[in-house]
Amino acid sequence: RSAYHVQQNRGKKSLCVDVKNPKGREILKSLIEKVDVVIENYAPGAIARLGFDYQTVRQINPRVVMCSMSAFGQTGPLANLPGYDYIAQAYAGVTHMIGDPNGAPSFPMLGLGDVSTGVHAAAAIGYALLYRERTGKGQYLDISLLDSYFHCHEINVQMYSASKGEFQPKRSGSQHYAVCPIGLFKGKEKYMFIIALEHQWPPLCKAIGHPELATDPRYDTNAKRTERIPEVVEIIESWLTSTSSDEEAIRILEEARIPVAPVLSIEEAVNHPHLQQRRTVRRVGDRVLGELDIPGMPLRFSEFPQDLTLEAPFLGEHNEEILGQHLGYSPEQVDELEKQGILKREPMP
């Protein structure tokens, strides 16, 4: 039982069944007959060896939407290799784009690929269900970490391709290589992120007390500024350190409608009033760990304006509920299956 488990599994029901046992597979087969969606994230081929590849699942329930999630996808030369978030990130060319240009690449201490792949899968499942409602047909979805990561390249791939390889995207550290200014700037006490696109350069110049830079032939276009990134950084950072505080600098830029944000620590983000008010940070209760903060639900539905009271399950906690409600098993049948080891149940505290 961990905070990680609680965060990832709130609101789920837990049926813990040995699907390598023939009786366990029979339970799973019976459940597939009743459901709308089947999701699996074994290595490619593993679910087929258990007897539940899509062709089999479709025979059991022709209307089912089945979604397989994996590191590299169900097909291709890499398909059968083991992989996790950061492995797919490296293959996607994403890690290559992070870090100091004169040093080793870096990687973010976040589950960006895991979360993004889950969101891609959720979107695909939703549209597959809509398609089923209109046609009556279920279908199979192949969602991968690698595909989801590669999907995040907003400019790198097309710039490389459109230039026929003349332009080689590469990491550029604290500043964007193609747009200036976009990047991290050192204030009096902490770093902040500032973005000024072409139309925002003149108001930025005015805000920092140098309106003449807007028409200065050295800096009057983005192309010229990207050739002089260190100079632009020095101009902006000199102004930042001349202000009375980072908060004052941010206030001035916000009043000029220049996108700016302080680089917050986790502690600062968790306690930020905006994240608190929107319940982007959510305080939840757990039967073992008590109260703790976790990321809140980022999707907002008008029909469900209030947070749901949800708990993370213990393994096998809902064996009886699931099998009784969906398959008509009696408590005695469930108890016998647990005694035989076909079902598992974690001891409750």
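The values are calculated or read from the model by the stated rules, or taken from the named source; none is laboratory data. Everything numeric in this text was worked out from a predicted model, so none of it was measured. So basically every Cβ, Gly included, is an ideal-geometry build from the backbone, and we count neighbours across all protein chains shown. These area figures cover heavy atoms from the full protein model, side chains too; ligands, DNA and RNA do not enter into them. Shrake-Rupley method; radii C 1.70, N 1.55, O 1.52, S 1.80 Å.
Do you know which residues across the stretch 232-248 are under 19 Å from Ala214 (Cβ atoms) and either surrounded by 13 or more Cβ atoms within 10 Å (Cβ to Cβ) or touching a helix residue (DSSP H, G or I) at 6+ places or on another chain (Cβ under 6 Å) (or both)?
Once the filter is applied, which keeps residues that are under 19 Å from Ala214 (Cβ atoms) and either surrounded by 13 or more Cβ atoms within 10 Å (Cβ to Cβ) or touching a helix residue (DSSP H, G or I) at 6+ places or on another chain (Cβ under 6 Å) (or both), the stretch 232-248 yields Val232, Val233, Ile235, Ile236, Glu237, Trp239, Leu240.
Would a scan of the stretch 100-113 turn up a residue that is closer than 24 Å to Val157 by Cβ, without any contact (Cβ under 8 Å) to a residue 12 or more places away in the chain, hydrophobic (A, V, I, L, M, F, W, C) and surrounded by 14 or more Cβ atoms within 10 Å (Cβ to Cβ)?
no
Run down Leu308, Leu315 and say which single residue is surrounded by 13 or more Cβ atoms within 10 Å (Cβ to Cβ) and outside any strand (DSSP E or B). Before you say what the answer is, go through the steps one by one.
Values: Leu308 fails: surrounded by 13 or more Cβ atoms within 10 Å (Cβ to Cβ).
Step by step, each of Leu308, Leu315 is checked, and only Leu315 is surrounded by 13 or more Cβ atoms within 10 Å (Cβ to Cβ) and outside any strand (DSSP E or B).
What are the pairs with Cβ atoms under 7 angstrom where one residue, in the stretch 220-232, is among the hydrophobic types (A, V, I, L, M, F, W, C) and the other, located anywhere, is open to solvent by less than 40 Å² (accessible area, probe 1.4 Å) and part of a helix (DSSP H, G or I)? Sequence gap at least six, or different chains.
These pairs meet every condition: Val232/Arg225.
Test Leu78 against the criterion of being out of contact with any Ser or Thr (no Cβ under 6 Å at 6 or more places or on another chain), in a loop (DSSP other than H, G, I, E, B), touching a residue at least 12 places away in the same chain (Cβ under 8 Å) and crowded, with 18+ Cβ neighbours inside 10 Å, and give yes or no.
Details: out of contact with any Ser or Thr (no Cβ under 6 Å at 6 or more places or on another chain): yes; in a loop (DSSP other than H, G, I, E, B): yes; touching a residue at least 12 places away in the same chain (Cβ under 8 Å): yes; crowded, with 18+ Cβ neighbours inside 10 Å: no.
Answer is no for this residue.
Restricting attention to the stretch 265-289, and to residues there that are under 25 Å from Arg1 (Cα atoms) and of a type in the set (Asp, Glu), which single residue is surrounded by the most Cβ atoms within 10 Å (Cβ to Cβ)?
Taking the stretch 265-289 and keeping what is under 25 Å from Arg1 (Cα atoms), we get 266-267, 270, 279-289.
Add one more test, that the residue is of a type in the set (Asp, Glu), and what stays is 267, 286.
On the way: Glu267: 8, Asp286: 18.
So the residue we want is Asp286.
Could you identify the single residue in Leu15, Leu31 that is at pLDDT 95 or above, more than 17 Å from Leu141 (Cβ to Cβ), open to solvent by less than 50 Å² (accessible area, probe 1.4 Å) and assigned to a helix (DSSP H, G or I)?
Just a single option satisfies the conditions, and that option is Leu31.
Hey, can you tell me all the residues within the stretch 150-178 that are of a type in the set (A, V, I, L, M) and modelled with pLDDT under 95?
Narrowing the stretch 150-178 to residues of a type in the set (A, V, I, L, M): 155, 157, 159, 162, 178.
Matches in the stretch 150-178: Ile155, Met159, Ala178.
Looking only at the stretch 158-202, how many residues end up being open to solvent by 40 Å² or more (accessible area, probe 1.4 Å), touching a residue at least 24 places away in the same chain (Cβ under 8 Å) and not in a loop (DSSP other than H, G, I, E, B)?
Result for the stretch 158-202: 6.
For His151, all conditions in the list (1) open to solvent by 90 Å² or more (accessible area, probe 1.4 Å); (2) in contact with a Gly (Cβ under 7 Å, 6 or more places away or on another chain) hold save one; what is the number of the exception?
Tallying (1) open to solvent by 90 Å² or more (accessible area, probe 1.4 Å); (2) in contact with a Gly (Cβ under 7 Å, 6 or more places away or on another chain), His151 fails exactly one: (2).
Quick check: anything in the stretch 209-219 in contact (Cβ under 8 Å) with a residue 40 or more places away in the chain and either polar (S, T, N, Q) or in contact with a Ser or Thr (Cβ under 9 Å, 6 or more places away or on another chain) (or both)?
In the first step, residues of the stretch 209-219 are kept if they are in contact (Cβ under 8 Å) with a residue 40 or more places away in the chain; the result is none.
Scanning the stretch 209-219, I find no residue that is in contact (Cβ under 8 Å) with a residue 40 or more places away in the chain and either polar (S, T, N, Q) or in contact with a Ser or Thr (Cβ under 9 Å, 6 or more places away or on another chain) (or both), so the answer is no.
Residue check: is Ala90 open to solvent by less than 50 Å² (accessible area, probe 1.4 Å) and either of a type in the set (Gly, Ala, Ser) or assigned to a loop (DSSP other than H, G, I, E, B) (or both)? Write out each step before concluding.
Numbers: open to solvent by less than 50 Å² (accessible area, probe 1.4 Å): no; either of a type in the set (Gly, Ala, Ser) or assigned to a loop (DSSP other than H, G, I, E, B) (or both): yes.
No; evaluated as a whole, the condition is false for this residue.
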